[in-house]
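Just so it is clear, none of the values below were taken in a lab; they were calculated from the coordinates. Computed from a predicted structure; not experimentally measured. Heads up, the Cβs are rebuilt from the backbone with ideal geometry, glycines too, and the neighbour counts pull from every protein chain shown.
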Amino acid sequence: MITELGHFALILAFLTAIVQMVVPLIGAHKRWPGWMAVAEPAASAQFALTATAFGALTYAFVVSDFSVQLVYANSHSLKPMLYKISGVWGNHEGSMLLWVLIVTLFGAMAAWFGGNLPPTLRARVLSVQSAIAVAFFAFILFTSNPFIRVAVPPFDGTDLNPLLQDPGLAFHPPFLYLGYVGLSICFSFAVAALIEGRVDAAWGRWVRPWTLAAWVFLTIGIALGSWWAYYELGWGGFWFWDPVENASFMPWLFAAALLHSAIVVEKREALKSWTMLLAIMAFGFSLIGTFIVRSGLLTSVHAFANDPERGVFILAILVFFTGGALTLFAARAQVMEAKGVFGVVSRESALVANNILLAVASFVVFVGTMWPLVAEMFFERKLSVGAPFFNMAFTPFMVLLGLLLPVGSILSWKRGKIGKALKDLAPALALALALMALVWVLQTGRSMLGPVGVFLGAWLVGGAVVDLLSRTGRKRDYSRLLRLPRADWGKAVAHGGLGITMLGIAGLMAWEEEDIRVAYIDQPFTVGQFEFELKGVERVRGPNYFSDMADVIVRRGGDELVRVAPEKRTYPVAQMPTTEAAIDYRFLRDIYVVIGDKQDDGGWVMRVYIKPLANWIWGGCILMSIGGLLSLSDRRYRVAAGAKKSRAVGVPAE
Amino acid sequence: MRGLLTGAALALTLALPVGAVEPDEILDDPVLEARARHISDGLRCLVCQNESIDESNASLAKDLRILVRDRLLAGDADSEVVDFIVDRYGEFVLLRPTTGGWNWVLWGSGPLVFILALGMGITYVRRRSTATPVGVEGLSDAEKARVKELLDE
């Protein structure tokens, strides 16, 4: 019953979306206030209906209603509640429903908080956003309906893939989708402005908080996925340059570029057409990501069981929206002439450089991801493009970005002086060089990766500190720091976070230690400066799995440091083993212990990794997200949001 | 439709994550072993999704790891080992694509586009620095009315 209700709500939401797509658009064109005003209640209704549908599906998972095919295929009555719920989006149909729920959520938020937009622009934004929703509603209802019943309900389900039964992964998809789909609202703003034929500083200000929010969500989502890979996959890899990872990384890079170029639009009314293009491309790449995951065109560790029919449908959506938007863009390019004038050495130029680097880096990732397909189709070569390519081709642009960032971020607007910027940054530069030299001396005969990472990390963090201090004025009035706009703090924290992440990646890759051996009970062995001793392995029973749990003592200098318990689990229903690495998280390094198979002579395969600075990778991501949130909470945006509350009546007169 | 639904779980066919290199595979000579690890880092496990044989625990990956070590023990240079495997399995095994043939596009497109973008960026910035400032356009009548409306509230 509730399932049917959900199905019905989804169909109603689809119909509402069609109305919201058509009526306000005509209203905006003809300047009919009544028609434009349809958009707001429709956006709220659409969201409420989709939320009902999503709630109904969640309910089916929670009560383990195995008469619903999707629940049968992805759940099991013994599964812990958290994973029953996360099972809703741990599959193709449910995740598409979550996707469209977020599209409607952003549409509704644009309606709720968009009170300060000109009425025609708001109507058009909501209409375009609804057009996206229509496409995805149709996709779900016609190719991927989650509400299909089975005639004879089975006794129990087939369980969710055990690798996915993990808290990190439970929240990874929702955050990613919030990010991907958050970019849809930037897209809608861009298309609406193009239809409107007007792009000005105000547009830059409106679109920036949405971009910022989407970017923060993407950052968190990507970081969660990478952290999950680190602790779950059993050897501590954190990034694989897998097509689907790349698919989430490209929108992240584009969103980061958009975030910065929108500042130039807002402050200086320049870079307008480029910013438009970025807004379109950022969402376009989100759609490409969806296409890659759902079509099975590229082999990936993430691939959903896929189907050409669905792939073609998403390709059609992709072509329609990006193609349509780009055509509109080409037709309206003349309305976007730049106004601001700035010198060659200026903050504006630095932001242009930022955009070039981010866009080119994204392009490299794109080419590398698609190349196997191109090579097979056009040159009949079956080849692979793996991590070694990306590490070589992508990294230089990031290093360049890191080198330029502190300088660019303290240059003045309009006309800056490179000499002054470098003079201000001298302490940061000196510190970074000193640390690099120190590390270079300490490490023996290894790659440049470590020292370069240390330099970039110190340079970026130092640069962020200098940036903040430069705001205290000549007299170093530190109380000014507390009164700085939050956006300035956000900028410094996010840039520092990027440095920390870069340092973490370089440190982990350069100085990791590894030991693989057969360990025998009560026979200690040494890895690096640590001593490990396997005390025993016990068979324990979990809610829906069995586990071989080892007891390992870690010592340093004879003293017990920590006792860890790596596990090897078997999930009988899904018939799949997983490893649960035991990780001792520390500030400067992680100790990562994995237990493998039992050997005939009574020993156990044991892998031990010492992973320096591993936490810094995600620590930096957290800092970047906090920076984004700080910036998002800046007064400028709150004033804009608050403007709506002060208005007495809802419908604006035209 | 039906088949899809049953298989619709995220098909993480990736590494049943039990670990890759087994202790019994490791060579006694640490230098040779380091070379073996380096080589197998760049070779793709053919039955896995985007994993190197160094990371994969598939049995084919294990066979390849042992093959790499056998060739090294037989005295092959690193490049000879790689060639030996590419001869048998095709260039699909190379995680780092060659630069031969059309692959120059893959390797060259990043730097080329960067130079292009840099050129365009510099041109744009130059033009901006010499442009005459455009006066800020006044508001349209409709906008003036709306400003008044907002201020009156």
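Mean partner shielding of peptide A:355-367, defined as the number of other chain Cβ atoms within 10 Å of each residue Cβ, is 4. Remark: mean inter-chain Cβ contacts per residue of A:376-387 equal 6, using a 10 Å Cβ-Cβ cutoff to other protein chain atoms.
Spatial offset of region A:160-188 relative to region A:254-279 amounts to 26 Å, using the alpha carbon center of each. Applying the criteria of a DSSP loop state and at most 14 other Cβ atoms within 10 Å to the trypsin sites (Lys or Arg not before Pro) of region A:1-104 yields A:Arg31. Taking only the alpha carbons of region A:483-611, we obtain Rg and Dmax values of 19.2, 68 Å in that order.
Projecting the Cα atoms of A:Leu534, A:Leu481, A:Val573 onto the dipole axis of region A:452-593, where Lys and Arg carry +1 and Asp and Glu carry -1 at the beta carbon, places A:Leu481 farthest toward the positive end. The chymotrypsin sites (Phe, Trp or Tyr not before Pro) of region A:426-475 include none that DSSP puts in a loop with a beta carbon having at most 10 other beta carbons within 10 Å. Close amide-amide hydrogen proximity is noted between A:Trp241 and no other residue 5 or more places distant or on a separate chain, at a cut-off under 5 Å (H modeled in the peptide plane; Pro and chain starts excluded). Label point of A:Arg556 set 7 angstrom out along Cα-Cβ; within region A:577-602, amide nitrogens under 19 Å from it belong to A:582-594.
Taking the inverse of the mean reciprocal distance over all distinct Cα pairs, the Kirkwood hydrodynamic radius of region A:85-167 comes to 15.3 Å.
Distance between the C-alpha centres of region B:104-132 and region A:465-540: 35 Å, rounded to the whole angstrom.
Between the alpha-carbon centres of region A:558-632 and region A:126-145 there is a gap of 40 Å. Globularity index of the protein assembly as shown is 1.00 (Cα radius of gyration / 2.2 N^0.38 Å, N = number of residues).
Cysteines of the protein assembly as shown lacking any other cysteine Cβ under 4.7 Å from their own Cβ: A:Cys186, A:Cys621. Considering the dipole of the protein assembly as shown built from charges on the beta carbon (Lys and Arg +1, Asp and Glu -1) around the Cα centre, which of A:Ile617, A:Ala111, A:Ala73 is farthest to its positive end? Highest projection toward the positive end goes to A:Ala111.
Rg/Rh for region B:12-93 stands at 0.95; both radii use Cα atoms, and Rh follows the Kirkwood definition. Peptides A:549-557, A:95-103 ranked from most to least packed by the mean count of surrounding Cβ atoms within 10 Å: A:95-103, A:549-557.
The listed peptides A:595-601, B:115-121, ordered by packing as a protection proxy, come out as A:595-601, B:115-121 (highest mean of other Cβ atoms within 10 Å first). Placing unit charges on the Cβ atoms of the charged side chains and taking the dipole of region A:136-205 about its Cα centre, the candidate lying farthest along the positive direction among A:Phe137, A:Phe171, A:Pro154 is A:Phe137. With 13 Å as the cut-off, how large is the P(r) tail for region A:328-383, expressed as percent of Cα-Cα pairs? It works out to 74 percent of all Cα pairs.
The loop-placed trypsin sites (Lys or Arg not before Pro) in region A:393-486, going by DSSP, that have at most 12 neighbouring Cβ atoms within 10 Å of their Cβ come out as A:Arg446, A:Arg474, A:Lys475, A:Arg476.
Inter-chain Cβ neighbour count for B:111-118, averaged per residue, equals 5 (cutoff 10 Å, partner chain atoms only). Quote the charge dipole size of the protein assembly as shown about the Cα centre in Debye, to the nearest 20; the model charges only the Cβ of Lys and Arg (+1) and of Asp and Glu (-1). For this selection, approximately 4460 debye. Simple spin-label estimate for B:Asp41 and A:Arg635 gives 5.2 nm between the two label positions (7 Å along the Cα-to-Cβ direction from each Cα).
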